[in-house]
Each structure stands twice: as C-alpha cells, then as structure tokens.
Amino acid sequence: MIKTNVMEIKNLNVSLKTQGRDVPVVKNVSFNLYEGKVLGLIGESGCGKSATCLSIMGLLERDRWNVAGSIALNGQAIQGYNQEKVRRLRGGTLSMIMQNPIGSFNPLITLGEHFIETIRCHKTVSKKEAQQIALEMLSKINLPQPQKIMKQYPFQLSGGMLQRVMIAIALFMRPSVLIADEPTTSLDVTVQYQILGELSQLRDNYKTSMLLVSHDLGIIAQMADNVAVMYGGYIVEKASILEIFHNTLHPYTRALMQSKPSFTKNRLNVLEGYPPSIMQIKAGCPFAERCSYVQKDCQKFEMSDYDLGSHTVRCLLYASAEEAIPCACS
Amino acid sequence: MIRLLLKQMAQRFLKRKPAVICLIFMLGVVLGGIFAPWLAPHDPTEVALKFKLLAPGGQFPLGTDDMGRCVFSRLLYGTRASLGSAFVVMIIALMIGTTIGTFSAYKGGHIDNILMRLCDIFLSFPSLVIVLVIVGVLGPGLINVMISMILVQWLWYVRIVRSLVLSITSRSFIDAAKVAGTSDRVIIWTHILPNVLPQLIVLSTIDLGSLILHFSGYSFLGLGIQPPTPEWGMMIENGRRFIRSTPELMYYPGILITLVVISLNLIGDALRDIFDGNYQ
C-alpha cells in the first residue's frame, strides 16, 4: 500500500518569548502524517506535546510565541497564511479534539447551537440544513436520541457523551487531519475504549490521518501505526508501532515501557527524576541526567537524529563513529 | 429549558422579601415618572405665590414650596429627570465600555496595553473634578452634565468588562470554539457576551443607584438641570433656604433619593446571588 503524505512537518521550532530571552519548547520536530494512519505522540508532561499540536493548529499567539519551521498540509505550506485563512482551515481540513470535554462547551447554549454555529462558520447553509448535518453526525457516532441531545445543555450530558459530541463537531467537515490531544484522559476506562473504537472506525471510514497525543501506552498500542516519543522538546525516537514495542532503542522509551504496570508481582520500575525544566538550556542530550546508559560524552555532544532504516533515534548509543562529532560550543 | 431556568430564577428572587419590596417600590416610582402627566394633580412648574409654603393636605398632597408649586407633582416629574437621565447615562456608558472592554481584552497585546494605559490616565483624576471641568467649559445644563458623566463612567465599565471578558476567554470552551474554526465575531457574540451579561446586569443595577446620587449631587450644586424643571437634587437645594421653617421641602426628595438608591442596591444584591447560584 502506498502511503499518501497528508501533512508534513519539518524542523518545527517553537519558543516562548519571555523578557530577556526566548525559551525553546519544541525543538526541531519533524514528522509526517499519512492518509488513514495514526501517529502516536507520547512523552511525559511538559515535553512539548501540546505546544506541537497548538502550533500546528496556528493557535499560539504570535506576540507571545515564536513558531519557525515548515508545516505543509496536502503539499501546501500553511505557515505563511494569515489569521483568517488559518481560521478557515481549522475545523475544515484541520480539526482538533480537546482534552477536557466538559469545559469545552459553553454552558449557556445548547449542543445543537454549538453544532449549528460551527457548521455555519464553514458552510453557507441555512439553520435547518445545518441541523440536518448535525443530526446525521450525531447518529454516526452512536449517540442515542440525537434529537434530544441537540436540545440539551452541556451540563446535562456526561463527559463521555460530550467527548463524542466534540468528535462529531470535529469531523463533520471530513478533515484530512485530526489532532487528538489526550482525547480520553478525563474519561473512565470503559468510555475511553468506546471512544477510541469510534475514533478508529471514523478514521477507517473517512481516511482521516490522526495525530494522537497521549501518555497512555495502552492507547498508543491499540490505535497508532507509528509512534513518536518526545522528551524535552525533541522527538527522541520515531518508528512504527511494532518497532517501538519490540525493538525499543532509546533509553527513555525503554524506561517508559518499564514503568508500565504489568500483571506480575515484580515491583514497578520507576524512572527517577523529572523532565528538565524548559527554562534551563544545556548542551547535549536532555535525558542524560536520568539515563542509565549515560556516557561521558552525552552531555557534550549536540545530538542529532540517527537514522537506522525503519527507526530514527536521537541517542549517542546509536551513532556510528564518524557521526559523533563533538559540538563546537562545548 | 431556558424558560425553566428563568422560572427557577424568578422563584429564587421571590424568596428574598426585601428585594421584592424594593422591586415593587421601584416599579411604582418608574411608573409614577412615566405617567406623571396623568397622576400629578398640578403642573409642576406653575407658580402661584398665594399658595406658597403650604402644609400637606387639601389639594396639595405634600404641600407646596416657596413658589407655591405642588411638591408631589414636582417629585413625580422629577423622576423623569433624575431616574431617566441616570438610566440613559448608564446605558450609553455601558455600551461604550462593553464595546471597548471586549475589544481590548479579546485583541490583547499592544492594543490592550495602550487602551488600558489611557484608561489609567483618565481614572487617575477624581471624577468630580472632570465633571466640574467639562461642565465649566460646556456650561451647565442637563445634556452637558450627562455627557460629562458618560465620559467619566465608561472608563470604569471598560475596566470591569475587560476583566470579565479575560476570565471568560481563558475558559477552555473558547479554545474549543477557536479550534473548530469559529470566527471571532461569533465567539464574541455567542460565547463571550452572554457569559458576561449576568455580571453586567448586577453591576449596572447597583451602579444606577450611585449614578442617581451623583446626578442629584450635581443638580444640588446647580450644574445640572436648570430651574424651573423639577429634579430631586435641585428640590433639596431649593428647600435648603427654608430648612428652619419648612424642613419637609428637603425631606421629601431626600427620602425619595435614599429609598431609590437603597432599593437599587438591594435588587442588585439579590440578582447577584441568583446569578451566582446558577454558576455554582
């Protein structure tokens, strides 16, 4: 099967403008999204996952954030677009599902109004037609009594139902890219699996490519075709799902795998320490302080991505001799 | 659904007896002002010196003032000037303040900064001084006092609306709307303003009271409405000269102003409790 490249992100750098200096949050991130495929993005909190999503959506305020790099959607660079053009893209070809379904709806208006208002921002249709589209979408995501739901207020629905409504709103324009920023963190486990099931069903139907952000390895294992592991703003390892789980290379990914609970009586291995604060910038590998494979060169070398065929790793362990060039600055 | 909510709110309001009494009183005052031509027994500006300074009773329910004008009629007509102008001032100031405050908060960045610093500059002058200066330049009169009060008042509304809008903008449903590609216009009209409205209603009800006080104060100083048009503040000023012989001339408008201001405050408090209850 030929993979169609839907979104291509190259050397994405995001930094927060503060007084004095810019603090890099996302560093040199590159990845591709393919049609009908899911890219899982995992990492601890504060690794730049959400910042990556928001910068793709063009939601980072320009006077507070610097976004550099190229983001191409269906072969077109969307970086230079003005606000209005980006807004038309959002919800249209580029959709996003937020973490917190309960907070994501205006408590004062009905779900139907949310739906209609969003539809009418993208399509020139009458209120009646918009309502029709909304009902269709709601029945597609297995919500009972769509008529009733349209008349209800957000507080009358459970978190799981709201998340489904949000998915319906995100998908009515048949976006080519769907960004799901931890779509199931605030839901309980059974609902979580229903939602994931619906997401993968919709992905198969619409051939949507998905960027799934999560810290739950189980979700990633179930959903993703490819996985990117983020740490300290970098993507440290990137491979297909089978490669990641069976041939884990980067020490950080290994540590992540080990801290997953399993049904044995062994004590859980915990990765000691915390991710580096974004405020401190050091040369070398950001993971060096917590790494159990650390070498004396790790904090000296400026890391780069080492391509091992099906696998891309950002770790000195996998550098061949000629690639390991000492950084000029250290 | 909305109807049910309104019904609940009305029920909760009815449980607050003082507020209900105040509301009935305010309705009475407002209706009295509107229907003054039919209710008033006399022309409020008709001078009849032979009836001057009469005690209450007979054809003059509250007696007459120093020019023989019917105090009751003057109070009724005075509602129009006092309440009516304060209301107009509040509405216009609120509209300007809401527009600029929302714009400033939503745009953020440099525009917000510049607008807020401008507000700070104006707010650093005492409002009385600004009103005095403006009226001094434009000359006394109802319209001029109203203009100067609007100029002073909208600054406060800008500040308050801005902070309210900022607190709404930080809620995640605004982000969700942006993510879904909703236009700024729709976000402001359907998501931000309806969420700000309850607080604005409470605020403006309580503010109306203080505006009436200010307005009467300016009339008392002779800046506002010019005689012979009746106005409560001016009636107090008129009665001041007869404080030893007929103090009632000051009592009636004074008591009326006090009651109106207290009523508006109590109604505003009750409204706030009701709206707060909805948000919890």
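The values are calculated or read from the model by the stated rules, or taken from the named source; none is laboratory data. For clarity, every value in this text was computed on a predicted model and none was experimentally measured. Cβ: placed from backbone, ideal geometry, glycine included. Neighbour counts: every protein chain shown.
With respect to the conditions (1) buried (at least 23 other Cβ atoms within 10 Å of the Cβ); (2) under 15 Å from the mean Cα position of the chain (by Cα), A:His215 lacks only one, and its number is (1).
Candidates A:Val191, A:Val213, A:Val236: the one that is of a type in the set (A, V, I, L, M), within 25 Å of A:Thr110 (Cβ to Cβ) and touching a helix residue (DSSP H, G or I) at 6+ places or on another chain (Cβ under 8 Å) is A:Val191.
Looking only at residues of the range B:97-107 that are within 14 Å of chain A (Cβ to nearest Cβ) and in contact (Cβ under 8 Å) with a residue 60 or more places away in the chain, we find that the one that is farthest from the chain's Cα centre (by Cα) is B:Tyr106. Listed here are the helices (runs of 4 or more DSSP H) enclosed by the range B:134-249 that have at least 3 residues being within 14 Å of chain A (Cβ to nearest Cβ) and either over 29 Å from B:Cys119 (Cα atoms) or touching a residue at least 24 places away in the same chain (Cβ under 8 Å) (or both): B:142-169, B:172-179, B:193-220.
For the range A:210-278, the helices (runs of 4 or more DSSP H) that sit wholly inside it and include 1 or more residues that are of a type in the set (Gly, Ala, Ser) and at negative phi are A:217-223, A:251-258. Among residues of the range B:39-64 that are of a type in the set (Lys, Arg), those with a beta-carbon under 9 Å from a residue that is buried (at least 18 other Cβ atoms within 10 Å of the Cβ) at least six positions away or on a different chain give the pairs B:Lys52/B:Thr64; B:Lys52/B:Asp65; B:Lys52/B:Arg69.
A:Ile179 falls short of the stated requirement of being in contact with a helix residue (DSSP H, G or I) (Cβ under 8 Å, 6 or more places away or on another chain), part of a helix (DSSP H, G or I) and crowded, with 24+ Cβ neighbours inside 10 Å.
Against the condition at pLDDT below 85, assigned to a helix (DSSP H, G or I) and surrounded by fewer than 20 Cβ atoms within 10 Å (Cβ to Cβ), how does A:Glu61 come out, does it pass?
No; evaluated as a whole, the condition is false for this residue.
Scanning the range B:40-72 for residues that are among the small types (Gly, Ala, Ser) and touching a helix residue (DSSP H, G or I) at 6+ places or on another chain (Cβ under 7 Å) gives B:Ala40, B:Gly63, B:Gly68. Once the range B:164-183 is narrowed to residues that are under 20 Å from B:Thr99 (Cβ atoms) and at pLDDT 85 or above, the residue that is surrounded by the fewest Cβ atoms within 10 Å (Cβ to Cβ) is B:Ser167.
Taking (1) part of a loop (DSSP other than H, G, I, E, B); (2) more than 14 Å from chain B (Cβ to nearest Cβ) in turn, A:Leu196 satisfies each apart from (1).
List, please: which pairs have Cβ atoms under 6 Å, are six or more places apart or on different chains, and start with a residue in the range B:108-132 that is within 14 Å of chain A (Cβ to nearest Cβ) and within 13 Å of B:His214 (Cβ to Cβ) and end with one that is of a type in the set (D, E, K, R) and surrounded by 14 or more Cβ atoms within 10 Å (Cβ to Cβ)? Final answer for the pair search is none. Quick one: would you say A:Leu54 is part of a loop (DSSP other than H, G, I, E, B), more than 8 Å from chain B (Cβ to nearest Cβ) and of a type outside the set (Asp, Glu)? Judged against the criteria, A:Leu54 is not a match. So which helices (runs of 4 or more DSSP H) are wholly in the range A:99-172 and hold at least 2 residues that are under 28 Å from the mean Cα position of the chain (by Cα) and without any contact (Cβ under 8 Å) to a residue 40 or more places away in the chain? Output list reads A:111-122, A:127-140, A:159-171. One residue stands out in the range A:75-96 among those that are surrounded by 14 or more Cβ atoms within 10 Å (Cβ to Cβ) and within 19 Å of A:Asn32 (Cα to Cα): the one that is farthest from the other protein chains (Cβ to nearest Cβ), namely A:Gln79.
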